[in-house]
Amino acid sequence: LLHTVQLAPADPILGLNEHFAKDQRTDKVNLGVGVYLGEDGTLPLLECVRVAEERITAGRKPHGYLGIDGLPAFVATTRELVFDQGPAVLERVASVQALGGTGALKVGADFLKQLSPDAKVMISTPSWENHRALFTRAGFEVEEYRYYSPERKGVDVDGMIEDLEAAAEGTVVVLHACCHNPTGYDLDTGDWERVIDVVTSRRLVAFLDMAYQGFGHGIDEDKSVIGAFLDSGAEFLIAQSFSKSFSLYGERIGALHVVAADAGLTAKVLSQLKVCIRTNYSNPAKHGAALVAEVLCDPDLRHIWVTELAAMRERIKDLRGQLVQRLEAEGVTDMGFIADQLGMFSYSGLTKDQMVALRTEHGVYGTDAGRMCVAALNSRNIAHVAKAIAAVR
Ligand code: PLP
Ligand code: TYF
């Protein structure tokens, strides 16, 4: 059997980490994977998480199973974080704990495949590298809608609307709720209204991927599109990740929310989500859920979290400005758009050849598509990165 196994290609983003680790240069910079690093170049342990962890450890609880849908306190508090429209809305939402945003996407994809086996999935051009693979593996045919316009350095909203209008009824449309990965360009309020109009009139199914809540404009601002979808009366799904917003990458903590048209459907939806979970991994892990619940349910820790998340967001904004300035000092005067982009990434517009040159000649690692993680810059590596970009252009 196994002699037929083919070597699979490495993940285009995570694979870069392996090359980076082998690179012997001392001035190498990893701007590949989307991870926020502090000024000292290391992954932060948020203070709110540190305190929550101490409390949880001191509680010396045994390690029992969670329910299939996760830790009740976690699920309840994440629902309130996403939906602040009151109890009547919450009655329409089935929510489960998930293994990160990726796990939420996969449980949602399995659920949708069961429900709507012939539907297609549409993702943005470009999108997070794993979207296509994940929905393909879940059995869907994956197509794309226009999103990024290299000429405009922004979203081609007209193209996007045109492509969504041409989609068959029931098509699942994966949308980035905020901080679009990889481009850093989001829809504005008017654009979202147009998208929601097409989604409802063409009876499409929106699947909102929210992996960067709080990294764009703020915790509430970044989820505003969810309120707009609720107002439309549409049924939709949300994959929520806490990897970045709590710096809990390795805890694999997220949630899936499925919004039904009326409250009478919620219990049935939840029962089917539980089947998807049970037949994959039975039930989720406890620690990350306990940490997030402890932080969000304690007003003092929650306040610290809000402040720490704001600090990460503001620091990235500051790094964008610094990078633009340093590039200008190196003679690169047409990359000011970096300061306008949102979230962890900058879609630099550099070609694959330029990205390869950045990597091989200067030890600066970004994805072949030209994406760089601004959240991994610091005062020690930013000059080198600016010089390297100037050199390959
Ligand atoms: N969706 C998008 C758009 C992402 O950028 C990421 C990145 O990690 C994820 C989902 C997955 O998040 P997680 O690490 O929580 O699985
Ligand atoms: O886009 C990124 O870099 C993050 C991290 O298969 C990531 O979302 C990248 C690839 C992947 C899983 C997570």
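The values are calculated or read from the model by the stated rules, or taken from the named source; none is laboratory data. Not measured: the values here are computed from a predicted model. Here the Cβ is made from the backbone with ideal geometry for all residues, glycine too, and neighbour counts use every protein chain on show.
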### Summary
Filtering the range 167-192 for residues that are touching a residue at least 12 places away in the same chain (Cβ under 8 Å) and under 26 Å from Lys317 (Cβ atoms) leaves a count of 16
### Task
Tell me which residues, restricted to the range 1-15, are more than 22 Å from Ser127 (Cα to Cα) and in a loop (DSSP other than H, G, I, E, B).
Leu1, Val5, Gln6, Leu7
### Task
Select, from Glu39, Glu18, the only residue that is exposed (fewer than 15 other Cβ atoms within 10 Å of the Cβ) and either assigned to a loop (DSSP other than H, G, I, E, B) or touching a Cys at 6+ places or on another chain (Cβ under 8 Å) (or both).
Glu39
### Task
Take the range 120-158 and flag every residue that is part of a helix (DSSP H, G or I), crowded, with 17+ Cβ neighbours inside 10 Å and of a type outside the set (D, E, K, R).
Asn130, His131, Leu134, Phe135, Val157
### Task
For the range 343-351, indicate whether the set of residues that are on the phi > 0 side of the Ramachandran plot, at pLDDT 95 or above and either out of contact with any Lys or Arg (no Cβ under 7 Å at 6 or more places or on another chain) or not assigned by TED's automatic domain parsing to the domain that holds Asp220 (or both) is non-empty.
yes
### Task
Just one of (1) polar (S, T, N, Q); (2) within 16 Å of ligand 2 (Cβ to nearest atom); (3) in a helix (DSSP H, G or I) trips up Ser271, so point out which.
(2)
### Query
Could you count how many residues in the range 92-113 are in contact with an Asp or Glu (Cβ under 9 Å, 6 or more places away or on another chain) and away from ligand 2 (no atom under 16 Å from the Cβ)?
5
### Message
Being assigned to a loop (DSSP other than H, G, I, E, B) and either assigned by TED's automatic domain parsing to the domain that holds Leu237 or in contact with a strand residue (DSSP E or B) (Cβ under 8 Å, 6 or more places away or on another chain) (or both) is the requirement here; does Asn181 meet it?
### Response
yes
### Query
Within the range 329-366, which residues are more than 23 Å from Ser127 (Cβ to Cβ), exposed (fewer than 14 other Cβ atoms within 10 Å of the Cβ) and of a type outside the set (Gly, Ala, Ser)?
Thr333, Asp334, Thr360, Glu361
### Query
Taking into account only those residues within the range 362-393 that are among the hydrophobic types (A, V, I, L, M, F, W, C) and assigned to a loop (DSSP other than H, G, I, E, B), which is modelled with the lowest pLDDT?
Ala369
### Query
Which condition number does Gly218 fail, the rest of (1) surrounded by fewer than 22 Cβ atoms within 10 Å (Cβ to Cβ); (2) touching a residue at least 12 places away in the same chain (Cβ under 8 Å); (3) within 15 Å of ligand 1 (Cβ to nearest atom) being met?
(3)
### Message
Just checking, does the range 113-120 include any residue being basic (Lys, Arg), over 27 Å from Leu270 (Cβ atoms), away from ligand 1 (no atom under 16 Å from the Cβ) and out of contact with any Gly (no Cβ under 6 Å at 6 or more places or on another chain)?
### Response
no
### Task
Would you mind stating whether Gly100 is within 20 Å of the chain's Cα centre (by Cα) and at positive phi?
yes
### Message
Checking the conditions here, which among Arg315, Arg371 is among the basic types (Lys, Arg), outside the structural domain of Gly218 (by TED's automatic domain parsing) and out of contact with any Asp or Glu (no Cβ under 8 Å at 6 or more places or on another chain)?
### Response
Arg371
### Task
State whether the residues of the range 11-20 include one that is modelled with pLDDT of 95 or more, over 21 Å from the mean Cα position of the chain (by Cα) and within 16 Å of ligand 2 (Cβ to nearest atom).
yes
### Query
Here are some residues: Arg326, Arg278, Arg302. Which one is away from ligand 2 (no atom under 16 Å from the Cβ) and within 30 Å of Lys387 (Cβ to Cβ)?
Arg326
### Task
May I ask you to list the residues in the range 221-241 that are in contact (Cβ under 8 Å) with a residue 60 or more places away in the chain and either within 16 Å of ligand 2 (Cβ to nearest atom) or part of a loop (DSSP other than H, G, I, E, B) (or both)?
Ala239, Gln240, Ser241
### Query
Within the range 85-119, can you find the residues that are without any contact (Cβ under 8 Å) to a residue 40 or more places away in the chain, outside any helix (DSSP H, G or I) and farther than 22 Å from Arg203 by Cα?
Gly86
